[in-house]
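Asker: Sharing a structure here in structure tokens format.
The values are calculated or read from the model by the stated rules, or taken from the named source; none is laboratory data. Everything numeric in this text was worked out from a predicted model, so none of it was measured. A quick note on method: Cβ atoms are made from the backbone with ideal geometry, for glycine too, and the neighbour counts reach across all protein chains shown. In case anyone asks, the SASA skips ligands and DNA or RNA and just uses the protein heavy atoms, side chains included. Shrake-Rupley method; radii C 1.70, N 1.55, O 1.52, S 1.80 Å.
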Amino acid sequence: MKILQIANKFPYPAKDGGSIATLNLAKSLASRGHEVTILAINTSKHFTDPSLVPGELSGLIRFIGIPVNTDIRIYNLIVNFFFSSLPYNAERFISKDFDEQLKRLLTREKFDIIQLEGLYLAPYLGTIRNNSNAKTVMRAHNIEHEIWSRAAARQSGPRQLYFRHLAGRIRRMELHYLNQYDAILPITARDGEVLKTLGCKCPSHVVPMGINASELLPDHHSLEFPTVFHIGALDWIPNQEGLHWFFEKVWDKILEKHPEVKFYLAGRNAPDHYRTLAYRNVVFSGEVDDAYAFMRSKSVMVVPVLSGSGMRIKIIEGMALGKAIVTTAIGTEGIGTSHGKDIFIANDPVTFADAVCKLIEDKSFCLEIGENARNFVTSHYDNHAISGSLVTFYQGLL
């Protein structure tokens, strides 16, 4: 099959959940012998020179990046608020130049499948329909409006009002396009059920973020025990909210029992205040050169997610690396983990702190949970098996 993936950011280097999910699936489809092209909006924030993609990857997948300035501008945001029905999140990714480049590509080449990597690419559906007979599929990385409605519930004042307004616009956009695709690919079975309740009637197939177990191997030789850590995009609102909750309500409870334990915080696009955190025993590592080496070197991973939607990619990666993880019900939503066996799930400060303490007090137990976690993800989230199932679905669709 000839497959075109359209992404709202250049997925190399894959440093965030969306890019990892996009690139991992593309690699697996290409390794099965399918011809894969990724056409990406090369945003100003995540700009990558396509010539820097390593040869072994560019030889497997064709990358096309179209530069688009998606920077948030206050004037444009205000105009959008008063004079547009689209959410500003989506409007930023609408580009005449990208639309024209897409049209040229579709006129020049014939594709079997066109896979949109996320809701904000839906406005290009008209161009696709007018210039291609390919089956057009939406890969829903999350239920987009849930991110903002859940975030709104944790805000107050004008910020809460704006988030609610934004969530409403995004929901209307999701509903508008929901049955215009030839098929939809939710990232979890739970998200698939939500899409059905919203009225989705088109064919659906769950495509989670998969891992290549041979590339994500545990290594305990450099393990610092006991330590606690978090790694993720530090400009993502759910991560910021969760970390604030953890530092304000959980961290001191852990330090009361273990005053010497250190917390390591790593991630990209960190706001300035993370560099000068006043919390005791917190080490800010910033954007690390090798995320997997960083994760391997630390003991207990915390993912205190209180809002958001979809699948937390870092949890899948952490489990594959044999990490003992403490998260919330929202953090592990849709993954299918088992509390106390391959992960710890805690939704209030006391139980969250108790779970972390239980793990850092017993190294053997901590490693056992990590081993169970790896066994779980290698059994349920193998990338080769996921892409094989998707290929079968696509063949049926065609």
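Asker: List the GluC sites (Glu not before Pro) in region 233-312 that DSSP assigns to loop (not H, G, I, E or B) and whose Cβ has at most 16 other Cβ atoms within 10 Å. Which are they?
Answerer: On the way: sites: GLU241, GLU248, GLU256, GLU260, GLU287; in loops: GLU260, GLU287.
The qualifying sites are GLU260, GLU287.
Asker: Now for a different question. How big is the convex hull of the Cα atoms of region 199-255, per residue, in Å³?
Answerer: Once divided by residue count, the hull of region 199-255 is 181 Å³.
Asker: Under a 5 Å amide H to amide H cut-off, with H placed in plane at 1.01 Å, what residues pair with GLN115 once short-range neighbours are removed?
Answerer: Amide H neighbours of GLN115, under 5 Å, 5+ apart: LEU4, GLN5, ILE6, VAL137.
Asker: Tell me the Rg and the Dmax, in Å, that the Cα atoms of region 21-107 produce.
Answerer: 15.9, 48
Asker: With all pairs of different alpha carbon atoms counted, what Kirkwood hydrodynamic radius in Å does region 84-126 show?
Answerer: Taking the inverse mean of 1/r over all distinct Cα pairs, region 84-126 comes out at 11.6 Å.
Asker: Next question, about the same structure. Quick one: divide the alpha-carbon radius of gyration of region 116-187 by 2.2 N^0.38 Å and tell me what you get.
Answerer: Details: Rg = 14.4 Å, N = 72, 2.2 N^0.38 = 11.2 Å.
Dividing the Cα Rg of region 116-187 by 2.2 N^0.38 Å gives 1.29.
Asker: If you don't mind, another one. Quick one: Cα convex hull volume of the chain, Å³ per residue?
Answerer: Taking only Cα atoms, the chain has a hull volume of 139 Å³ per residue.
Asker: Further question: Starting from the Cα of HIS273, step 7 Å along the direction of its Cβ; do the same at GLU361; then give the gap between the two resulting points in nm.
Answerer: Rounded to a tenth, the inter-label distance reads 3.3 nm.
Asker: Another question, then. Could you list, in their original order, any pairs among LYS45/LYS201; LYS9/LYS103; LYS9/LYS201 whose Cα atoms are separated by more than 30 Å? Display every interim value, and only then the final one.
Answerer: Values: LYS45/LYS201 36 Å; LYS9/LYS103 18 Å; LYS9/LYS201 28 Å.
Long pairs (Cα-Cα over 30 Å): LYS45/LYS201.
Asker: Report, in whole Å, the centroid distance computed from the Cα atoms of region 325-398 and region 230-265.
Answerer: 20 Å
Asker: Shifting gears a bit: On the principal axes of its Cα set, how long, how wide and how thick is region 277-348? Give whole Å, largest value first.
Answerer: Sorted from largest, the Cα extents of region 277-348 read 30, 27, 22 Å.
Asker: Per residue, how much accessible surface does the chain expose to a 1.4 Å probe? Answer in Å², no decimals.
Answerer: With all protein chains present, the chain gives 42 Å² per residue.
Asker: Please give every one of the aspartates and glutamates within straight-line cross-link reach of LYS341, meaning a C-alpha to C-alpha distance under 13 Å, and leave out same-chain neighbours fewer than 8 residues apart.
Answerer: GLU368, GLU371
Asker: Computed over the Cα atoms of region 285-398, what is the convex hull's projected area averaged over all directions, in nm²?
Answerer: 8.7 nm²
Asker: While we're on this one: How much of the accessible area of region 52-106, in percent, comes from carbon and sulfur atoms when a 1.4 Å probe is used?
Answerer: Using a 1.4 Å probe with all protein chains present, region 52-106 comes out at 59 percent carbon and sulfur.
Asker: Taking each pair of distinct Cα atoms in region 176-294 once, what is the resulting Kirkwood hydrodynamic radius in Å?
Answerer: After inverting the pairwise mean of 1/r, the radius is 17.8 Å.
Asker: For region 71-170, take N as its residue count and report Rg(C-alpha) divided by 2.2 N^0.38 Å. Write down the numbers at each step before the final one.
Answerer: Details: Rg = 16.2 Å, N = 100, 2.2 N^0.38 = 12.7 Å.
For region 71-170, the normalised Cα radius of gyration comes out at 1.28.
Asker: If you don't mind, another one. Using Cα pairs under 8 angstrom and six or more residues apart, how large is the relative contact order of the chain, in percent?
Answerer: Once normalised by length, the contact order is 15 percent.
Asker: Quote the accessible area belonging to HIS339 in square angstrom, nearest 10, computed with a 1.4 Å probe and with ligands, DNA and RNA left uncounted.
Answerer: Rounded to the nearest 10, that gives 110 Å².
Asker: Sticking with this structure for a sec: For the chain, what does -39500 (n - 2.57) per DSSP helix run (n ≥ 4), summed and divided by total residues, give at 222 nm, in deg cm²/dmol to the nearest 500?
Answerer: Dividing the helical sum by the residues of the chain leaves -12500 deg cm²/dmol.
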